[in-house]
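> If you scroll down you'll find the structure; I have some questions about it.
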Amino acid sequence: MNVVGLLAFAVVGSLRGVDADLDLLGVSVLGVMTALGGGVTRDLLVNSVPVALRTTTDVSVALLGVVVGLAIGRVLGDVTDHSFVQVSDAVGLSAFATTGALVAVDAGLSAFGVVVLATVTGVGGGLISDVLLRKVPFVLVEDFYATCAVVGGVVFWLATTAGLDAGVSASVCAAAVFGLRLAAIRYDWELPTV
Amino acid sequence: MNVVGLLAFAVVGSLRGVDADLDLLGVSVLGVMTALGGGVTRDLLVNSVPVALRTTTDVSVALLGVVVGLAIGRVLGDVTDHSFVQVSDAVGLSAFATTGALVAVDAGLSAFGVVVLATVTGVGGGLISDVLLRKVPFVLVEDFYATCAVVGGVVFWLATTAGLDAGVSASVCAAAVFGLRLAAIRYDWELPTV
Amino acid sequence: MNVVGLLAFAVVGSLRGVDADLDLLGVSVLGVMTALGGGVTRDLLVNSVPVALRTTTDVSVALLGVVVGLAIGRVLGDVTDHSFVQVSDAVGLSAFATTGALVAVDAGLSAFGVVVLATVTGVGGGLISDVLLRKVPFVLVEDFYATCAVVGGVVFWLATTAGLDAGVSASVCAAAVFGLRLAAIRYDWELPTV
């Protein structure tokens, strides 16, 4: 789950970097930070040394994602609004929201803690890349982005509390976030401005 | 003290979101992050799992603050410069600076550690909302904002070192920050540009 | 090593604040945050209470750096592109990249963990000051900035693995980062845009 999210977000982050005309290393830094951002924040919030620093897997996968992103960018050109990028982003969002919920339940957090950690882990990478590229954070202007992760956290908590095992809860959570996000993009769901 | 700060900053953050024409969920995300930002940073810096994730109180209070903020926004219209917002912000600043100083003393930090933690906790929420809304951070351009929290940290440390108990020190610290901030707004205190 | 980095980055940060026409306290906040940013992030990532909060040294040195920066700003005027600032920045980068690598090895991180921590610690201060001043982060647009810290992390890890003691490894790492950064500035090294 973590590997899928890392790969998806590294691809999305590096493609955003290509669109912003960054140099090769700028693209790499942005891709890696987008991929690692959510997970590192998640680990810090439950007070453990980030997995990304303890193993070599995470950084390797993120770098692989950057290479894939560069290859795709070469083929497709400007792709930020391409459906491939939107789907990759939805994959990353659902994978990371799920790992956030898993880690939160393991750490014995409250129900709200589970929801907050799922949300922060899911949206963290995209938020970091937006701040670095000086864009208005997507999470603030797009209604059904953070909401999908919030719903995922609630679903995971309900599933766990209902006695389902972690694997099943995780699958249900990931499916809920991914489906909701795709539906939101497809049908252009919006909430009224206040 | 924590509850008062959460409520005040959630109101301020959500009103800023309304002024920036964010959607309902963008306003909620901004309000919650403004409310929780300082406290989460404070807890991470002393190496504990953030209170906001371990209990349900903090997130509930922040969401309540968002509802209050939305109601006020509906009544008053554009309110970022309204004195109600400035006073709420001063309340949040003083409440969080005080919790920062309290936590720092409990964690056995140095005198400078107490001052830094009071400052970071006090200004953290506003700083996060400024970065997300892509404004020049208030804390960099307004002289007597961070300064008020710095003074609060010094006052708390002096009071504790003088042997006063934590409750009294906290009250003195909160009063100092709040009074200083209101006086700075009222009399438009400024320092010369370098 | 830490003291040298703090001093260098506090000077650079406060000079950037002067160029941005901040008030005296804005300059101080920016200088202190630039100086402490990398080290605090480093300590949080390995899950310890930041040194900057436990001792009085770090904040004192950062404040001293701000005073030095203000004095230099008064003498030289607009100085962001002055070679003195670029050299100070290279000193800070190499000193902090080295402390990051040292802390990572002490914490028993993986090889990638050492490289990531060296990089994050080295570039953290500059990144924070760029975000606060709403500039495009230097680390994203300048190829041979983060790269220098990455190389430093690799060099440190190789030296340690080869059995050199920590002091020697640190010296080699610092020299590599500093030399590479100066060479990159001098010869205007660039990588192609993707």
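The values are calculated or read from the model by the stated rules, or taken from the named source; none is laboratory data. Worth saying up front: this structure is predicted, and the values here are computed from it rather than measured. Glycine gets a Cβ as well: all are built from the backbone with ideal geometry, and neighbour counts include every protein chain shown. For the accessible areas, the whole protein counts, side chains as well, though only heavy atoms, and no ligand, DNA or RNA atoms are used. Shrake-Rupley method; radii C 1.70, N 1.55, O 1.52, S 1.80 Å.
> Which of rounded, prolate, oblate describes region B:37-99, given a ≥ b ≥ c as roots of the alpha-carbon gyration tensor eigenvalues and a/c under 1.5 marking rounded, otherwise prolate only if a/b is larger than b/c?
Cα axes put region B:37-99 in the oblate bin.
> Let me ask something additional. Where the accessible area of region B:2-187 is counted over protein heavy atoms with a 1.4 Å probe, how much of it, in %, is carbon and sulfur?
It is 69 percent, rounded to a whole number.
> Okay, next question. Write down the Kirkwood hydrodynamic radius of the protein assembly as shown, to one decimal in angstroms, obtained as one divided by the mean of 1/r over all alpha carbon pairs.
24.0 Å
> For a quick protection proxy, order the peptides C:15-23, B:179-187 by their average other-Cβ count within 10 Å, most packed first.
Going by the mean number of other Cβ atoms within 10 Å, highest first, we get C:15-23, B:179-187.
> Compute, for residue A:161, the solvent-accessible surface of its heavy atoms (probe 1.4 Å) with the complete set of protein chains present, and express it in square angstrom to the nearest 10.
It works out to around 90 Å².
> Would you rank C:138, C:144 by solvent-accessible area, highest first, keeping every protein chain in place and using a 1.4 Å probe?
Result, largest first: C:138, C:144.
> Would you please calculate the Kirkwood hydrodynamic radius of region C:1-45 over all C-alpha pairs and express it in Å, rounded to one decimal?
Result for region C:1-45, one decimal place: 10.5 Å.
> What are the ³J(HN,Hα) values, in whole Hz, obtained from phi via the Karplus relation 6.51 cos²θ - 1.76 cosθ + 1.60 with θ = phi - 60°, for each residue of region B:29-44 in sequence order, with x given for Gly and Pro?
4, 5, x, 5, 5, 5, 5, 8, x, x, x, 5, 4, 4, 5, 4
> Now for a different question. Need one value: the accessible area of residue A:148 in square angstrom, 1.4 angstrom probe, rounded to the nearest 10.
Accessible surface of residue A:148 is approximately 0 Å².
> Still on this model: Over the protein assembly as shown, with the other protein chains present, what is the accessible area per residue in square angstrom, probe 1.4 angstrom?
Using a 1.4 Å probe on heavy atoms only, each residue of the protein assembly as shown averages 37 Å².
> Taking the Cβ of residue A:144 as the centre, find all other residues whose Cβ is under 12 Å away and add up their charges (Lys, Arg: +1; Asp, Glu: -1).
-3
> Radius of gyration and Dmax for region B:93-194's Cα atoms, expressed in Å?
Gyration radius and largest Cα-Cα distance of region B:93-194: 13.7, 43 Å.
> How much of residue A:157 can a 1.4 Å solvent probe reach, expressed as accessible area in Å² and rounded to 10?
Here the accessible area works out near 90 Å².
> Moving on to the next point. Taking only the C-alpha atoms, wrap a convex hull around chain C and report its volume per residue in Å³ as a whole number.
115 Å³
> In whole Hz, what ³J(HN,Hα) sequence does region C:118-133 give by Karplus (6.51, -1.76, 1.60; θ = phi - 60°), x for Gly and Pro?
After applying 6.51 cos²θ - 1.76 cosθ + 1.60, I find 4, 5, 4, 5, x, 8, x, x, x, 5, 4, 5, 5, 5, 5, 8 Hz.
> Taking every residue in A:16-24, how many Cβ atoms of other protein chains lie within 10 Å of its Cβ, on average?
That average works out to 4.
> For the pairing of chain C with chain A, what total accessible surface becomes buried, with a 1.4 angstrom probe, in square angstrom to the nearest 100?
Answer for the C-A pair: about 2300 Å² buried.
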